[in-house]
Each structure stands twice: as structure tokens, then as C-alpha cells.
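*Asks:* Here you go, one structure.
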């Protein structure tokens, strides 16, 4: 298949590109600067969002467009300026993808668009599947709702649209896990907040696996929860992490200190939601890491 990826040079995009090229797919990465990108077999870099460029000519005949573009949630305190970047980067990039689709003479079959489990808002008691249609009322929920609404315009062009709602992605070098490891390496790991908040996590191999499944399978559309089948509460996550790296689990990180340090970003660690990937579990997709401890052992040992 011929697949165009917006945000293909980022954390998830890089891992996805490696997986798709290994499977024999032809990848076109939409980028603002193609000149300084490393050349890879099966990968073409396409200038995008610059005056005088015509990316629609280079990706003509694409079977699927994947949109992963957006400001990193995990870098820096969430100031008002940062929150604006988080929102605007996703909306603007998705609108640009919609414009690109409109300019294509031959439309792709599908748009696979990133989103997040933040769509559901936070809860200590509810379990969220894709059948839960109402979004939450906090900042991340608003970001995800507007992001998905923007991507839904592709339906007007008769594209199949899948909204991939990522949980907390676990990777050895990228994302939240390296930051979470720091206090444990200093022998200061322990409960975060109440420890009862839910963490809907997912191994990076299952993120790329779920994305590839959505690309290749025409029956998958609408919201798709990209989380492991076995979410855990933060206290359990911390205990298993400490066990895997052979460190103590004893020093609490009080909520008030984390809120002071992280601002609104503290919602990512102090609150959460229990999300179950019902669509993927009921499909032919097979999870690489459905349980937490084997996932952590794979990444950290």
C-alpha cells in the first residue's frame, strides 16, 4: 500500500514507519523540511505546509493517510501558551490534512487520525469503551473532541475514518516512561497522588500494531481505543515498575507538590480513566503485550 503520514518524524510516527516499511508498504512522510531527513528504503519525504509546494502531486494514489501531527503533551509545564500550542497544532494540522485530501484527484480509502483517551475525561470509577459517546469537560477532552470533529470532515469525501484514542504509550526512550523512571533510579519511587487513579497504558509495539491494523482493515472505523486490555491503578503500576527494575517503592509524591510542579499537566498523572479497547479485543488483532509486567520487562530488562 501507499501510505502518507503527517507527523511521521515524531515518536509514534518513526516507530510506525519502521513497522510499515518492514511489511513492504511504501511510505510518504509529510514534512516542513525534507532536506535534512535521513534517507531510508521505502520512505519518501514530501514538502508540506510551505508556499510553492504541491504535496498532492507526490502522494497521488495514496491508499491511506495517517495523521499523527501535534505538539508533545509530555514536554514542559502546561502554561496557557503551551495549552494553546497543544490545541492549535492538532487542529491546524488536521485542517491541512483535510485541504490535502480535497486537492487529491484520487481520494484515499481511509484517514487514520490520532486522538487520545483524554476524550473521555477523568474518572476513578467508570470504565470507558468506544460505545461511550460523550466527551469529558476538561482541557484534554476538549482537545480530543475538537481534533476528532476536524478529522470527521473526511467522511464527506467518502473516506473511512478511524480515530485512534491512544492511552499512555510506554517506550524505553520516548514518552512518559523515561520520566517516570527518574525517581525510582534515585531510590525515591513511591505512590503518586492517591495511587487509585487508573492508568490506561499501551506498549509502543501495540500502538504501531493497532495503527497498521486500522490501515489494512476496512471494517475498522470510528473511535478505536488503543490501550492494553488490562489497565491498572497507578499504585499497581508503580509496584510493578519497582519490581521490574529492582528498586524500592516507598516515598509518596503528594498531589499538591505535583500540581505545583506541573500545573494543569498534573492531570496526566494524578487523574486518569479506565479504558478498555473493546473494538480491538473483538477483532482479529492480537496484542503483543496485554499485561503490564511483561511489557515493562520487555522495555526495561
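The values are calculated or read from the model by the stated rules, or taken from the named source; none is laboratory data. Worth saying up front: this structure is predicted, and the values here are computed from it rather than measured. We place every Cβ from the backbone using ideal geometry, glycine too, and count neighbours over all the protein chains shown.
*Asks:* Keeping to the range 56-81, report how many residues are assigned to a helix (DSSP H, G or I) and touching a helix residue (DSSP H, G or I) at 6+ places or on another chain (Cβ under 6 Å). Explain how you work it out, then say what you get.
*Replies:* Keep residues of the range 56-81 that are assigned to a helix (DSSP H, G or I), which gives 56-58, 80-81.
Of the ones still in play, those that are also touching a helix residue (DSSP H, G or I) at 6+ places or on another chain (Cβ under 6 Å) are 56.
The qualifying residues number 1.
*Asks:* Continuing with the same structure: Mind listing just one residue for me: the one in the range 152-193 that is touching a strand residue (DSSP E or B) at 6+ places or on another chain (Cβ under 8 Å) and farther than 25 Å from residue 273 by Cβ and, of those, surrounded by the fewest Cβ atoms within 10 Å (Cβ to Cβ)?
*Replies:* Filtering first and then ranking leaves 155.
*Asks:* If you check 84, 40, 57, which single one turns out to be within 22 Å of the chain's Cα centre (by Cα) and loosely packed, with under 14 Cβ neighbours inside 10 Å? Reasoning before the result, please.
*Replies:* Numbers: 40 fails: within 22 Å of the chain's Cα centre (by Cα); 57 fails: within 22 Å of the chain's Cα centre (by Cα).
After applying the criteria, what remains is 84.
*Asks:* Taking the options 236, 219, name whichever one is within 23 Å of residue 290 (Cβ to Cβ), loosely packed, with under 15 Cβ neighbours inside 10 Å and under 24 Å from the mean Cα position of the chain (by Cα).
*Replies:* From the options 236, 219, the qualifying one is 219.
*Asks:* Any residue at all in the range 255-262 that's modelled with pLDDT under 95, exposed (fewer than 15 other Cβ atoms within 10 Å of the Cβ), under 17 Å from residue 187 (Cα atoms) and over 23 Å from the mean Cα position of the chain (by Cα)?
*Replies:* Residues of the range 255-262 modelled with pLDDT under 95: 255-262.
Restricting the remaining residues to those that are exposed (fewer than 15 other Cβ atoms within 10 Å of the Cβ) gives 256-257, 260-261.
From the residues that got through so far, the ones that are under 17 Å from residue 187 (Cα atoms) too are none.
The answer is no; no qualifying residue exists.
*Asks:* While we're on this one: State which residue is surrounded by the fewest Cβ atoms within 10 Å (Cβ to Cβ) when the search covers only the range 69-81 and only residues that are within 17 Å of the chain's Cα centre (by Cα) and at negative phi.
*Replies:* 75
*Asks:* Turning to a different aspect of this structure: Could you check the range 176-222 and list, in sequence order, the residues that are within 27 Å of residue 158 (Cβ to Cβ), touching a helix residue (DSSP H, G or I) at 6+ places or on another chain (Cβ under 8 Å) and either part of a loop (DSSP other than H, G, I, E, B) or without any contact (Cβ under 8 Å) to a residue 40 or more places away in the chain (or both)?
*Replies:* Scanning the range 176-222 gives a single hit, 220.
*Asks:* Could you check how many residues of the range 8-37 are at pLDDT below 95, surrounded by 15 or more Cβ atoms within 10 Å (Cβ to Cβ) and in a loop (DSSP other than H, G, I, E, B)?
*Replies:* Of the residues in the range 8-37, 4 are at pLDDT below 95, surrounded by 15 or more Cβ atoms within 10 Å (Cβ to Cβ) and in a loop (DSSP other than H, G, I, E, B).
*Asks:* Okay, moving on. Considering each residue of the range 97-124, count those that are out of contact with any strand residue (DSSP E or B) (no Cβ under 8 Å at 6 or more places or on another chain), in a loop (DSSP other than H, G, I, E, B) and on the phi < 0 side of the Ramachandran plot, and give that number.
*Replies:* 5
*Asks:* Let me ask another. Kindly indicate whether any position in the range 113-121 is under 28 Å from residue 63 (Cβ atoms) and loosely packed, with under 15 Cβ neighbours inside 10 Å.
*Replies:* no
*Asks:* Being within 28 Å of residue 259 (Cα to Cα) and either in contact with a strand residue (DSSP E or B) (Cβ under 8 Å, 6 or more places away or on another chain) or surrounded by 24 or more Cβ atoms within 10 Å (Cβ to Cβ) (or both) is the filter here, so list the residues in the range 194-216 that pass it. First the steps, then the outcome.
*Replies:* Let us first name the residues in the range 194-216 that are within 28 Å of residue 259 (Cα to Cα), namely 194-204.
Correct list: 195, 196, 197, 198, 199, 200, 201, 202, 203, 204.
*Asks:* Looking at the structure I just gave you, is residue 130 under 15 Å from the mean Cα position of the chain (by Cα) and either more than 30 Å from residue 195 (Cβ to Cβ) or assigned to a loop (DSSP other than H, G, I, E, B) (or both)?
*Replies:* No; evaluated as a whole, the condition is false for this residue.
*Asks:* Taking the condition touching a helix residue (DSSP H, G or I) at 6+ places or on another chain (Cβ under 9 Å), under 20 Å from residue 209 (Cβ atoms) and surrounded by fewer than 24 Cβ atoms within 10 Å (Cβ to Cβ), does residue 146 pass?
*Replies:* No.
*Asks:* Quick test for you: out of 251, 241, 280, pick the one residue that is on the phi < 0 side of the Ramachandran plot, buried (at least 18 other Cβ atoms within 10 Å of the Cβ), out of contact with any strand residue (DSSP E or B) (no Cβ under 9 Å at 6 or more places or on another chain) and not in a strand (DSSP E or B).
*Replies:* Values: 251 fails: buried (at least 18 other Cβ atoms within 10 Å of the Cβ); 280 fails: out of contact with any strand residue (DSSP E or B) (no Cβ under 9 Å at 6 or more places or on another chain).
Only one candidate passes the filter, namely 241.
*Asks:* Among the numbered conditions (1) more than 30 Å from residue 267 (Cβ to Cβ); (2) touching a strand residue (DSSP E or B) at 6+ places or on another chain (Cβ under 8 Å), tell me where residue 54 comes up short.
*Replies:* (2)
*Asks:* Give the number of residues within the range 242-276 that are touching a residue at least 60 places away in the same chain (Cβ under 8 Å) and either closer than 30 Å to residue 223 by Cα or touching a helix residue (DSSP H, G or I) at 6+ places or on another chain (Cβ under 6 Å) (or both).
*Replies:* 19
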